[in-house]
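The values are calculated or read from the model by the stated rules, or taken from the named source; none is laboratory data. Only a predicted model underlies this, so the values are computations on that prediction, with no experimental measurement involved. Cβ: placed from backbone, ideal geometry, glycine included. Neighbour counts: every protein chain shown. Surface accessibility is based on the protein's heavy atoms, side chains included, excluding ligands, DNA and RNA. Shrake-Rupley method; radii C 1.70, N 1.55, O 1.52, S 1.80 Å.
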Amino acid sequence: MSWIAGNRWLALGSLLTPLLGLGGCVEYTIETTLNPDGSGVRQERMEVGKNEDLEMAPSVFLELMQAGPEHGWSHEAGVDESGDSVHVFRRATAVKDLAGWSGQSGRVRIEAAPSSRARATVGQVSLGEVRLRNTIRVTTARVSDGSTAYVYRETFSWENGVDVVVEGLLRSFQRSLEAVYPALTPQERGEIVGFARARLWVAVEEGLFSDDSDEESLRARAAEETLRHGARIIRIRYPRATESSMREVFSPESFGDSEDLTTFLEETVPGMNLAANTELRFRLRMPGRVTGTNARERDGETLVWEFSPLDALAAPVEIHAESVVVR
């Protein structure tokens with residue numbers, strides 16, 4: 001039996017277009033109910049489909065998604081409407097009181113790499129330090145008219161995720177630099193690559209991974225600034241190097257080769273690749289009347305959010321709702 005991660009990345013624009021089109025393989029639903037007394041319940045369900053294009057061993061899936069029985073999950077195998085095999089995981093958690101909600105933080109986790117590779121490093125980051133996790137905060141307050149206000153806030157964010165993706169974007173550039181200018185010392189190459197890394201981080205801060213960014217322009221600027229800096233170093237070893245020849249190495253494409261990045265994700269951080277193929281549907285029922293929320297959809301009295309865990313790479317995804325109960 002094989003479990004897989006298909007080819008879908010929802011939030012990083014055209015950098016990763018080869019990952020688009022085949023659809024996600026994990027449907028993850030979280031049903032959360034907050035009661036007037038501060039208690040509540042969370043019911044989680046993951047349905048895992050099959051795709052022959054990319055296989056993942058069950059043990060790896062369980063570890064990356066923290067989906068084993070030691071984390072409170074049950075599992076059953078079945079068949080979907082098309083006759084294909086599916087695996088369904090369920091977990092139900094009762095929250096006894098208001099203080100208990102903070103204990104649900106960190107329960108939703110996706111590890112970037114299995115524990116066997118936790119000590120491996122990408123750039124300055126250990127793979128064991130890269131993961132998606134949730135944080136929950138629920139508060140209540142008495143209002144002057146005697147009613148009670150409730151605020152539910154849950155965020156999903158990646159720890160060290162951008163660091164890893166930036167290193168993936170640099171892989172093609174580093175290989176080209178080493179192949180075309182082999183006489184550069186490790187220190188000289190390190191200075192150029194370090195500058196390129198810093199410029200890509202600036203591009204990230206300016207919105208490189210956001211849906212509405214001018215991605216091509218941001219990568220082009222990073223490449224151009226790195227070229228100006230790197231040319232001075234390269235000409236020490238290669239005094240006849242021309243600007244046109246160097247542009248073949250310092251091109252915008254070398255700062256985000258999609259095929260190379262896809263391979264990097266699959267081989268180095270399979271958990272991020274799996275997250276890219278997961279669709280998370282979050283359903284929240286608040287006590288009383290909802291007075292404010294960033295939910296994009298409602299299903300009767302239930303607030304609904306839909307996103308990919310990779311949407312949280314550039315900035316945390318936040319679930320936010322406020323309500324009031326009149327006494």
Problem set entry | Heavy-atom accessible area order for HIS87, HIS75, HIS229, largest first, 1.4 Å probe | HIS75, HIS229, HIS87
Exercise. Where is the GNM fluctuation largest for the chain (alpha-carbon springs, 10 angstrom cutoff): PRO287, PRO316, PRO182?
Worked result: PRO182
Problem set entry | Segments 276-285, 77-86, 234-243 sorted - mean Cβ within 10 Å per residue, highest first | 276-285, 234-243, 77-86
Seminar exercise, completed: Amide H proximity to VAL122 below 5 Å, modelled H, separation 5+ or other chain, gives LEU127
Exercise. Under a Cβ-Cβ cut-off of 11 Å, what is the net charge of the residues other than SER39 that fall near it, where Lys and Arg count +1 and Asp and Glu count -1?
Worked result: -1
Problem set entry | Options [x] 33; [y] 37; [z] 42 - which one matches percent of Cα pairs over 31 Å apart as calculated here | [z]
Seminar exercise, completed: Helix 258-268: inclination vs the chain longest Cα principal axis, degrees, rounded to 10, gives 60
Problem set entry | Span from the segment 212-252 Cα centroid across to the segment 115-129 one, whole angstrom | 30
Exercise. With the Cα gyration tensor of segment 226-305 giving a ≥ b ≥ c as the square roots of its eigenvalues, does the rule (a/c under 1.5 for rounded; else a/b larger than b/c for prolate; else oblate) give rounded, prolate or oblate?
Worked result: prolate
Exercise. Tell me, what is the percent relative contact order of the chain, built from C-alpha pairs under 8 Å that lie six or more residues apart?
Worked result: 23
Seminar exercise, completed: Here segment 56-71 yields Karplus 3J(HN,Hα) values (6.51, -1.76, 1.60; θ = phi - 60°; whole Hz; Gly and Pro given as x) of 9, 5, x, 5, 5, 4, 4, 6, 5, 8, 6, 10, x, x, 5, 9
Exercise. Hey, what angle do you get for helix 161-180 against the long axis of the chain, alpha-carbon based, 0 to 90 degrees rounded to 10?
Worked result: 20
For this session: Using only Cα atoms, find the angle between the long axis of helix 186-205 and the longest principal axis of the chain, and express it within 0 to 90 degrees, rounded to the nearest 10.
Result: 40
For this session: Give a residue-ordered list of calculated ³J(HN,Hα) values for segment 79-89 (Karplus: 6.51 cos²θ - 1.76 cosθ + 1.60, θ = phi - 60°; whole Hz; x for Gly, Pro).
Result: 10, 8, 5, 8, x, 8, 6, 9, 10, 10, 10
For this session: Quick one: give the max-minus-min coordinate of the C-alpha atoms of segment 174-248 along each principal axis, largest first, in Å.
Result: 41, 24, 18
